[in-house]
Every structure is written in structure tokens, then in C-alpha cells.
Amino acid sequence: MEKHPAEEFRNLRAKYFSIANKHGFDKAFYILETDREKNHFNPQVYTGLLSELIFYNEGCDVMDLTPTLDCGDHCDFRGSYNNNSARFDVTSSLTYKDLDTYSDYQKKGQKYYIALIDHDSKKIDRIIDINFPFCKECGGHLINIVLIGDTKYTNNGTPTQSQQIIEMCSQDISHKNYIKEYEYFIPSMNNEIKNSKGFLQDEISKKHGINNALFFGKLINDKIHACGHEKLINSGSIDDGDWSTELFWMSDMVDSILPNQFDTSLWY
Ligand SMILES: [Zn+2]
Ligand SMILES: [Zn+2]
């Protein structure tokens with residue numbers, strides 16, 4: 001009788017994990033490669049098994065990993081991370097990952113992390129913390145962002161600039177919490193683009209976004225997951241266009257739940 005694909009996968013997982021435990025990871029990787037050719041594993045099965053084996057190998061001691069039965073709760077391993085008990089979902093691509101699939105378990109107090117595996121280097125690429133607080137009004141995800149204002153001038157010509165840190169709801173921008181405001185003079189995104197000829201705008205946004213997220217994250221002693229600024233839309237000139245808010249950088253997974261662009265009502 002044909003086995004259900006999910007059951008087949010679970011049996012294979014158990015096979016390689018037990019080889020790894022008994023005979024070491026080199027042996028487990030070797031048998032996986034031989035089986036792959038002999039049994040013509042389909043690419044998804046092979047990719048899944050390889051990812052989990054790479055994660056288990058690199059993390060078993062540092063994260064005290066135990067493989068789970070993998071029965072639909074998006075948890076491939078239990079272990080510990082940042083001194084807390086943690087559940088890990090292992091993958092080699094974030095494309096089909098959906099933050100909402102973890103919410104029910106997270107609301108029961110479980111901490112979830114996505115372990116992104118790089119198959120070229122056969123290493124853990126990064127571990128993504130997806131434990132955002134939930135919005136009390138609608139259950140959406142609350143995400144810390146920094147909004148970076150452009151330089152403005154008072155009536156007597158004094159330049160001013162402000163940065164606002166806001167906790168933003170992924171489902172409704174009116175569900176927001178003000179965290180803090182700063183008045184640093186920092187280059188605006190528009191200036192960065194002007195001053196960096198030859199670089200792709202995506203690269204500049206990413207670099208500028210990560211730098212600001214780290215800088216303001218340190219100040220509030222928390223993580224910042226997106227950076228936004230004011231952007232003129234519907235026009236080329238300041239006189240007849242509309243201002244919008246554009247998030248020019250978002251971290252992993254947050255980019256799948258926050259809108260790229262919205263109105264300016266988020267600013268205080
Ligand atoms: Zn799984
Ligand atoms: Zn909300």
C-alpha cells in the first residue's frame with residue numbers, strides 16, 4: 001500500500017536522525033545522498049530532509065535540539081534559544097512561510113523561530129525571531145518601526161528633523177502605540193539615493209534601513225523591524241502631490257505582513 005507522503009517524510013526524517021545519533025552526521029549525510037539517487041527522492045523531500053539534517057548537525061549542542069514528531073504544528077525541533085525554550089521551523093526558503101500559521105501556538109506561550117538554511121554552504125543562514133506581540137484590538141502583529149522625517153525648516157530658517165518610533169499593527173494602521181521620538185540629524189533616504197550614484201536603490205534602502213534599525217533599536221533596547229519615510233506620490237512637485245508613508249526597508253517575514261505604502265496618519 002502507498003504511504004501518505006507526510007508519513008513517508010516523517011519516516012525518512014526519523015531514519016536519518018537516528019543514523020546521525022548512532023553513527024554521526026557524516027554518515028547520515030552520506031546515506032541521504034545515496035538514498036536520494038537510489039530512491040529518486042523528489043526535490044521537495046530531499047530539500048526538506050537536507051535542511052533539517054544541516055540544522056540538527058549545527059544546532060544540536062548549542063540549541064539543545066530534539067526532533068519533534070512534526071505533526072502539523074510547524075515545529076520541527078524543540079530546543080532552547082536566548083535562554084528560553086524554543087520551537088524551530090526549518091526551511092531553505094521564506095517564500096511560502098506565513099506568520100499567521102504560528103499565531104495560535106504563540107498565543108499559548110510558545111516561542112517560535114524560523115531557521116533558514118543555506119544549501120550552498122550547508123549551514124544555518126540565520127535564525128529569525130518571529131515572536132511579535134499581538135494587537136489587543138484585532139489580534140494582528142505589533143511591529144516596531146522607525147519613521148525618519150526629512151529635514152524641515154522653521155520660519156526663521158532653523159533646520160529640524162525628527163524620527164518617531166512606533167509600534168504598528170499589521171492589520172490596521174490606526175492601532176498604533178507611540179514609543180519614542182528623537183531629533184537627530186541623519187541623512188534622509190532621498191539624500192542617500194542622490195549621493196550614491198552607481199548603486200542599486202534596493203541596496204541603498206537595505207543598507208540605510210538596517211543601519212537605522214540597529215541605531216534606534218539600541219536606543220530603545222528593543223528590535224526595530226522596518227524603516228519608513230515620507231514620500232511624495234501622484235506628482236513630481238511638492239506643491240500639488242500627496243504625501244504618503246513608504247516603508248523602504250523591512251526585516252525578514254515582516255515584509256510579508258506590513259504594507260509597503262500607506263497614508264501619513266501613522267506619524268505623531
Ligand atoms: Zn517540518
Ligand atoms: Zn490591530
With under 24 Å from the mean Cα position of the chain (by Cα) and at pLDDT 90 or above as the only criterion, which of Leu247, Leu200 stands out? Leu247
Tabulated pairs, segment 170-193, first closer than 11 Å to Asp150 by Cα and touching a residue at least 24 places away in the same chain (Cβ under 8 Å), second open to solvent by less than 40 Å² (accessible area, probe 1.4 Å) and among the β-branched types (Val, Ile, Thr), C-beta under 9 angstrom, 6+ apart or interchain: Ile186/Ile148; Ser188/Ile148; Met189/Ile148; Met189/Ile204
Take Tyr102 and tell me if it is open to solvent by less than 20 Å² (accessible area, probe 1.4 Å) and among the hydroxyl-bearing types (Ser, Thr, Tyr). yes
Given (1) assigned to a loop (DSSP other than H, G, I, E, B); (2) more than 23 Å from Asp129 (Cα to Cα); (3) among the hydrophobic types (A, V, I, L, M, F, W, C), Ile204 misses just (1)
Find the strands (runs of 3 or more DSSP E) located wholly in segment 98-150 whose residues include 1 or more that are without any contact (Cβ under 8 Å) to a residue 24 or more places away in the chain, and list them. 123-129
Could you please find all residues in segment 204-233 being closer than 15 Å to Val254 by Cβ and β-branched (Val, Ile, Thr)? Ile210, Ile224
If you take the residues of segment 53-75 that are closer than 16 Å to Ala14 by Cβ and open to solvent by less than 10 Å² (accessible area, probe 1.4 Å), which of them is farthest from ligand 1 (Cβ to nearest atom)? Leu53
Can you tell me which residue is farthest from ligand 2 (Cβ to nearest atom) among those in segment 156-169 that are in contact (Cβ under 8 Å) with a residue 40 or more places away in the chain and hydrophobic (A, V, I, L, M, F, W, C)? Ile165
Tell me, yes or no, whether segment 25-46 has at least one residue that is under 11 Å from Val90 (Cβ atoms) and surrounded by 14 or more Cβ atoms within 10 Å (Cβ to Cβ). no
Just checking, does segment 189-198 include any residue being over 30 Å from Thr47 (Cβ atoms), in a loop (DSSP other than H, G, I, E, B), in contact with a strand residue (DSSP E or B) (Cβ under 7 Å, 6 or more places away or on another chain) and open to solvent by 70 Å² or more (accessible area, probe 1.4 Å)? no
Restricted to segment 156-175, and to residues that are assigned to a strand (DSSP E or B) and open to solvent by less than 40 Å² (accessible area, probe 1.4 Å), which residue is farthest from Ile130 (Cα to Cα)? Gln163
Complete set of residues in segment 210-224 that are touching a Gly at 6+ places or on another chain (Cβ under 9 Å) and either closer than 16 Å to Asn191 by Cα or open to solvent by 20 Å² or more (accessible area, probe 1.4 Å) (or both): Lys223
Mind telling me which of the residues Tyr153, Tyr178 ends up being surrounded by fewer than 13 Cβ atoms within 10 Å (Cβ to Cβ) and either under 17 Å from Ser103 (Cα atoms) or more than 16 Å from ligand 2 (Cβ to nearest atom) (or both)? Tyr153
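The values are calculated or read from the model by the stated rules, or taken from the named source; none is laboratory data. Here the structure is a predicted model, which means the values were calculated and not measured. Virtual Cβ from ideal backbone geometry, glycine too; neighbours counted across all protein chains shown. What goes into the accessible areas is simple: the full protein's heavy atoms, side chains included, and nothing from ligands, DNA or RNA. Shrake-Rupley method; radii C 1.70, N 1.55, O 1.52, S 1.80 Å.
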